[in-house]
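S.K.: This is the structure, below, for whatever I ask next.
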Amino acid sequence: MSRYVDELYRNPGQPGLRALLRGMLKLLFRGLIRPPVPFAVQALVLRLLTLGMPLAKGVSRSAEQIAGRPCMWHRPAAGGNGRVLLYLHGGAFVIGSPQTHRGICSALASRGQFDVCALDYRLAPAHPAPAACDDAVAAYQALLQRGYAPAQITLIGDSAGGNLVLVTAQKLAALKLPLPATLVCFSPVTDMTAEQLHAPAAGDPLLHPSWLDSARDAYCPAGLDRADPMLSPLFGQLKGLPPLLLQVGEDEVLLNDSLRLAEAARAADVAVRLERYEDLWHVFQAHAGLLHSADAALQRVVDFVNSAQTDSVS
């Protein structure tokens, strides 16, 4: 693959549906998933909001365990192609689960004929960093023990899960463990200092700044510098990481987290593809099956994983 690609996708289409979704997200997600609503209530709201998301056909789902943690496997009914995606869900480290991300995981399994393992990692505030990363490292090692070769594995995640993809990959490298073939991040949190957040002209319909503040306080251990690479992978060791795909909406406060990471990865000679989507918001890929732009973005994930993993074994 090319060492660095920065592509802006314009004209996402479906203006009526996008306007409807934007309004609903602003009212129900941004309006309810924020302080002073307790995290437990926020988790219930997210669960209810995601109940109606379409699930891809031809995919079986099963609740299992991996490395001592619950997970949900999504497997193509006709059998996969031997590749596995370890999916790390978003939710600002305080909410979210494999259940809330069934739609996006089933879509990836169907489109790519991948096995997708969505990990139910430990959440803050009961389990601040590095608990989630420890769970992800253990799950990756368990995949290796189950017979998956590193060249068959992709680490993928959205938002907080995108942060964990990067932190986990850096931890694997520090432990001198074999790295996965590819990394995929949807709108990752890369800088916990939050010093360079974006202010989109159209507004961010999903993320309320006070929610991000409360989640950072819950997840980050007291006394630890929030620029520490364990929290902020932007400042960690990027050199030597596998090929990286970043997808980010232009209308979200975390836009700069992706832009800055892409530049840092490029400087570290990481093969990185940055995809920016105009008039779309944080983790718009979750609307797969509804938004054509979400379907197209997930197809680009499939193409990236297949091409990069083919290169790694050739």
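S.K.: I need the full set of residues from the stretch 262-291 which are in a helix (DSSP H, G or I) and either among the polar types (S, T, N, Q) or open to solvent by 50 Å² or more (accessible area, probe 1.4 Å) (or both), in order please.
M.R.: Glu263, Arg266, Ala267, Gln285
S.K.: Give just the number: which of (1) in contact with a strand residue (DSSP E or B) (Cβ under 9 Å, 6 or more places away or on another chain); (2) outside any loop (DSSP other than H, G, I, E, B); (3) closer than 30 Å to Leu20 by Cβ does Pro200 not satisfy?
M.R.: Condition not satisfied by Pro200: (2).
Residue-by-condition table, conditions (1) modelled with pLDDT of 95 or more; (2) over 22 Å from Phe93 (Cβ atoms); (3) in contact with a Leu (Cβ under 6 Å, 6 or more places away or on another chain); (4) surrounded by fewer than 16 Cβ atoms within 10 Å (Cβ to Cβ):
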site: Val137; (1), (2), (3), (4): yes, no, no, no
site: Gly147; (1), (2), (3), (4): yes, yes, no, yes
site: Gln152; (1), (2), (3), (4): yes, yes, no, no
site: Val165; (1), (2), (3), (4): yes, no, yes, no
site: Lys171; (1), (2), (3), (4): yes, no, no, no
site: Pro180; (1), (2), (3), (4): yes, no, yes, no
site: Thr190; (1), (2), (3), (4): yes, no, yes, no
site: Ala199; (1), (2), (3), (4): no, yes, no, yes
site: Leu206; (1), (2), (3), (4): no, no, yes, no
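S.K.: For Leu246, are the conditions met, namely being farther than 23 Å from Arg22 by Cβ and either within 20 Å of the chain's Cα centre (by Cα) or not in a loop (DSSP other than H, G, I, E, B) (or both)?
M.R.: Considered against the rule, which asks whether it is farther than 23 Å from Arg22 by Cβ and either within 20 Å of the chain's Cα centre (by Cα) or not in a loop (DSSP other than H, G, I, E, B) (or both), Leu246 comes out as no.
S.K.: Still on this structure, please answer the following. Checking Asp251 against (1) farther than 13 Å from Pro188 by Cβ; (2) part of a helix (DSSP H, G or I); (3) in contact with a His (Cβ under 9 Å, 6 or more places away or on another chain), which single condition isn't satisfied?
M.R.: So the condition that Asp251 fails would be (2).
S.K.: Another question, if that's okay. Mind checking which residues of the stretch 98-114 are without any contact (Cβ under 8 Å) to a residue 60 or more places away in the chain and among the basic types (Lys, Arg)?
M.R.: The one that is without any contact (Cβ under 8 Å) to a residue 60 or more places away in the chain and among the basic types (Lys, Arg): Arg102.
S.K.: Moving on to the next point. Take the residues in the stretch 182-201 that are in contact with a Lys or Arg (Cβ under 8 Å, 6 or more places away or on another chain) and not polar (S, T, N, Q); name whichever of them is farthest from Pro36 (Cα to Cα).
M.R.: Across the stretch 182-201, the extreme among qualifying residues is Asp191.
S.K.: Right, another one. Which of the residues spanning the stretch 108-128 are open to solvent by 10 Å² or more (accessible area, probe 1.4 Å) and either in a loop (DSSP other than H, G, I, E, B) or farther than 20 Å from Ala169 by Cβ (or both)?
M.R.: Passing the criteria: Ser110, Arg111, Gln113, Asp120, Arg122, Leu123, Pro125, Ala126, His127, Pro128.
S.K.: If you check Arg83 against the conditions, is it open to solvent by 60 Å² or more (accessible area, probe 1.4 Å), at pLDDT 95 or above and among the basic types (Lys, Arg)?
M.R.: No: the conditions fail for Arg83.
S.K.: Where in the stretch 1-97 are the strands (runs of 3 or more DSSP E), entirely inside, with at least 3 residues that are in contact (Cβ under 8 Å) with a residue 60 or more places away in the chain?
M.R.: Ranges flagged: 4-9, 84-88.
S.K.: Considering only residues that are buried (at least 17 other Cβ atoms within 10 Å of the Cβ) and charged (D, E, K, R), which ones fall in the stretch 210-225?
M.R.: Answer for the stretch 210-225, where residues must be buried (at least 17 other Cβ atoms within 10 Å of the Cβ) and charged (D, E, K, R): just Arg216.
S.K.: Hey, any hits in the stretch 110-122 for a residue that's aromatic (Phe, Trp, Tyr), within 16 Å of the chain's Cα centre (by Cα) and within 23 Å of Phe304 (Cα to Cα)?
M.R.: Scanning the stretch 110-122 turns up no residue that is aromatic (Phe, Trp, Tyr), within 16 Å of the chain's Cα centre (by Cα) and within 23 Å of Phe304 (Cα to Cα).
S.K.: Name the residue, out of Leu245, Leu259, that is modelled with pLDDT of 95 or more, closer than 20 Å to Val5 by Cα and open to solvent by 50 Å² or more (accessible area, probe 1.4 Å).
M.R.: Leu259
The values are calculated or read from the model by the stated rules, or taken from the named source; none is laboratory data. Given the structure is predicted, the values throughout are model-derived calculations rather than measurements. Quick reminder, even Gly has a Cβ in these numbers, built from the backbone with ideal geometry, and neighbours come from all protein chains shown. For accessibility, only protein heavy atoms count, side chains too; no ligands or nucleic acids. Shrake-Rupley method; radii C 1.70, N 1.55, O 1.52, S 1.80 Å.
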